[in-house]
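S.K.: What follows is a structure written as structure tokens; I'll ask about it next.
The values are calculated or read from the model by the stated rules, or taken from the named source; none is laboratory data. Keep in mind that this is a model prediction, so the values were computed, not measured. Cβ coordinates were reconstructed from backbone atoms using ideal geometry, including for glycine residues, and neighbour counts include every protein chain displayed.
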Amino acid sequence: MNQMPPPAAFEKPRPAAAAEHWPVGHPQVKLGRVGVLLLNLGTPDATDYWSMRRYLKEFLSDRRVIEVSRLVWWPLLNGIILTTRPSRKGRDYDTIWNKERNEGPLKTITRSQAEKLAAVFQRDDRIVVDWGMRYANPSTESRILALQEQGCDRILLVPMYPHYAAATTATAADQAFRALMKMRWQPYVRVAPAWADEPVYIDALAASIRTHLKTLDFEPEVLMATFHGMPMKYLLKGDPYHCQCLKTGRLLREALGWPKERYRVTFQSRFGNDPWLQPYTDVTVEELAKQGVKSLAMVAPGFTADCLETLEELDVENREIFLHNGGEKFAYVPCLNDSDEGLRVIEHVVRRELMGWL
């Protein structure tokens, strides 16, 4: 496994170009630093109707997310979904909202991940770490501009998704490229690839699961690895997401030494009437309970930070489904978040992708 040398081994930062090198009237430009920008999905600015509506409109207007004819989708989105869904989703967000910071947990965790990563590289002032969101705030464009203003003429974009999907990784890159299109002097850019089968990632997941299971007063009969779903037609168009998720699921089971008959890989969060990737998480949870399974543990390896889809959908909705249908013991294993295991994964990806720049 290739590793970059520790920060102490880096050479001293190159000085920015001297002012006398620029023609009279040319704006002074800072150079010589490398930006690392962690990019996650996004979270509403608040849970009220209008904040939720703005967030949902931006999200559901993304052609990467909803690949439906605009003639069909726009009337449905603006006439029905954005009228009824904001209030309901706002109530869901209220149940997980970080009241102390008045923000969603995804924002809290992503900020902490960036701050801890910055601490790792603090002895090399050529490296500037920041974070942003594809939807809502802080916007991707604002953070790219902020990095450039700090002298970053190269930027590593790190979409915080272990598995590539057009609706996540690609749209994060799209948004960054839109910002670059407006710039006179663009920084050089790299996009970090997915890390679905990286040993450091699999080992971190396995360690986190083992640690959490030791805190339980029961041994789960079944361990379920659930990934965010997508419409089946996206897979048939060539999206690699499904295959990458299955590979992570297999490698994780092998790392844990968990028996096949007690392990499930499922897909959650389906939306609309089209068939999505299967088996569905909620349907499988109900079936297991009805078949007599009394204890279940669930982990979401595809999320780098806990959010609505894990804290509310998995730990609340699916817990209720399991217990309502005959299950007795349920546990949700938190995401890697800003834990030591999670930071090791992020640091590994960043060091790997900075090769040749430092």
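S.K.: Report whether or not residue 246 is in contact (Cβ under 8 Å) with a residue 24 or more places away in the chain, surrounded by 14 or more Cβ atoms within 10 Å (Cβ to Cβ) and not in a loop (DSSP other than H, G, I, E, B).
M.R.: Values: in contact (Cβ under 8 Å) with a residue 24 or more places away in the chain: no; surrounded by 14 or more Cβ atoms within 10 Å (Cβ to Cβ): yes; not in a loop (DSSP other than H, G, I, E, B): yes.
Judged against the criteria, residue 246 is not a match.
S.K.: Confirm whether residue 338 is of a type outside the set (Ser, Thr, Tyr) and closer than 26 Å to residue 133 by Cβ. Step through it out loud before you land on a result.
M.R.: Numbers: of a type outside the set (Ser, Thr, Tyr): yes; closer than 26 Å to residue 133 by Cβ: yes.
Yes, satisfied.
S.K.: Right, something else. Just one of (1) in contact (Cβ under 8 Å) with a residue 40 or more places away in the chain; (2) outside any loop (DSSP other than H, G, I, E, B); (3) out of contact with any strand residue (DSSP E or B) (no Cβ under 6 Å at 6 or more places or on another chain); (4) of a type in the set (D, E, K, R) trips up residue 123, so point out which.
M.R.: (2)
S.K.: Using beta carbons and a limit of 6 Å, which pairs, at least six apart or on different chains, have the first residue in the range 39-61 and under 14 Å from residue 85 (Cβ atoms) and the second one surrounded by fewer than 18 Cβ atoms within 10 Å (Cβ to Cβ) and among the polar types (S, T, N, Q)?
M.R.: 44/51; 49/87
S.K.: To continue, here is another question. Among the residues of the range 261-274 satisfying the criterion of being under 19 Å from residue 313 (Cα atoms) and either hydroxyl-bearing (Ser, Thr, Tyr) or assigned to a loop (DSSP other than H, G, I, E, B) (or both), which is modelled with the lowest pLDDT?
M.R.: The selected residue is 272.
S.K.: If you don't mind, another one. Here is a check on your reading of the model: is residue 193 surrounded by fewer than 16 Cβ atoms within 10 Å (Cβ to Cβ), touching a residue at least 24 places away in the same chain (Cβ under 8 Å) and either within 16 Å of the chain's Cα centre (by Cα) or within 24 Å of residue 39 (Cβ to Cβ) (or both)? Outline the logic, then answer.
M.R.: Values: surrounded by fewer than 16 Cβ atoms within 10 Å (Cβ to Cβ): yes; touching a residue at least 24 places away in the same chain (Cβ under 8 Å): yes; either within 16 Å of the chain's Cα centre (by Cα) or within 24 Å of residue 39 (Cβ to Cβ) (or both): yes.
Criteria met by residue 193.
S.K.: Could you list, ordered by first residue, the pairs with Cβ atoms under 6 Å in which the first is in the range 150-164 and farther than 22 Å from residue 301 by Cβ and the second is part of a loop (DSSP other than H, G, I, E, B) and among the charged types (D, E, K, R), at least 6 apart or interchain?
M.R.: 151/30
S.K.: Could you identify the single residue in 206, 173, 179 that is over 27 Å from residue 243 (Cα atoms) and either free of Cβ contacts under 8 Å to residues at least 40 places away in the same chain or in a helix (DSSP H, G or I) (or both)? Give the derivation first.
M.R.: Values: 206 fails: over 27 Å from residue 243 (Cα atoms); 173 fails: over 27 Å from residue 243 (Cα atoms).
Testing whether each residue is over 27 Å from residue 243 (Cα atoms) and either free of Cβ contacts under 8 Å to residues at least 40 places away in the same chain or in a helix (DSSP H, G or I) (or both) leaves just 179.
S.K.: Please pick out the residue among 56, 41, 77, 82 that is touching a Lys or Arg at 6+ places or on another chain (Cβ under 8 Å), hydrophobic (A, V, I, L, M, F, W, C) and outside any helix (DSSP H, G or I). Working first, answer last.
M.R.: Values: 56 fails: outside any helix (DSSP H, G or I); 77 fails: outside any helix (DSSP H, G or I); 82 fails: outside any helix (DSSP H, G or I).
The conditions single out 41.
S.K.: Is the range 62-70 home to any residue that is free of Cβ contacts under 8 Å to residues at least 40 places away in the same chain, surrounded by 15 or more Cβ atoms within 10 Å (Cβ to Cβ), of a type outside the set (D, E, K, R) and in a helix (DSSP H, G or I)?
M.R.: no
S.K.: While we're on this one: Among the residues of the range 149-167, what is the count of those that are touching a Lys or Arg at 6+ places or on another chain (Cβ under 8 Å) and either part of a strand (DSSP E or B) or among the polar types (S, T, N, Q) (or both)?
M.R.: Of the residues in the range 149-167, the ones touching a Lys or Arg at 6+ places or on another chain (Cβ under 8 Å) are 149-157, 166-167.
Still in the list and also either part of a strand (DSSP E or B) or among the polar types (S, T, N, Q) (or both): 150, 152-157.
Total meeting the criteria: 7.
S.K.: I've got another one for you. For the range 200-215, what are the residues that are more than 17 Å from residue 258 (Cα to Cα) and either aliphatic (A, V, I, L, M) or touching a helix residue (DSSP H, G or I) at 6+ places or on another chain (Cβ under 9 Å) (or both)? Walk me through it before giving the result.
M.R.: Pass one, the range 200-215, residues more than 17 Å from residue 258 (Cα to Cα): 200-201, 215.
Matches in the range 200-215: 200, 201.
S.K.: Looking at 314, 336, which is the one that is not in a loop (DSSP other than H, G, I, E, B) and not small (Gly, Ala, Ser)?
M.R.: Values: 336 fails: not in a loop (DSSP other than H, G, I, E, B).
Within the list 314, 336, the selection yields 314.
Yes/no per residue for (1) on the phi > 0 side of the Ramachandran plot; (2) buried (at least 16 other Cβ atoms within 10 Å of the Cβ); (3) in contact (Cβ under 8 Å) with a residue 40 or more places away in the chain; (4) under 23 Å from the mean Cα position of the chain (by Cα):
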site: 251; (1), (2), (3), (4): no, yes, yes, yes
site: 273; (1), (2), (3), (4): no, no, no, no
site: 285; (1), (2), (3), (4): no, yes, yes, no
site: 293; (1), (2), (3), (4): no, yes, yes, no
site: 319; (1), (2), (3), (4): no, yes, no, yes
site: 322; (1), (2), (3), (4): no, yes, no, no
site: 331; (1), (2), (3), (4): no, yes, yes, yes
site: 341; (1), (2), (3), (4): no, yes, yes, yes
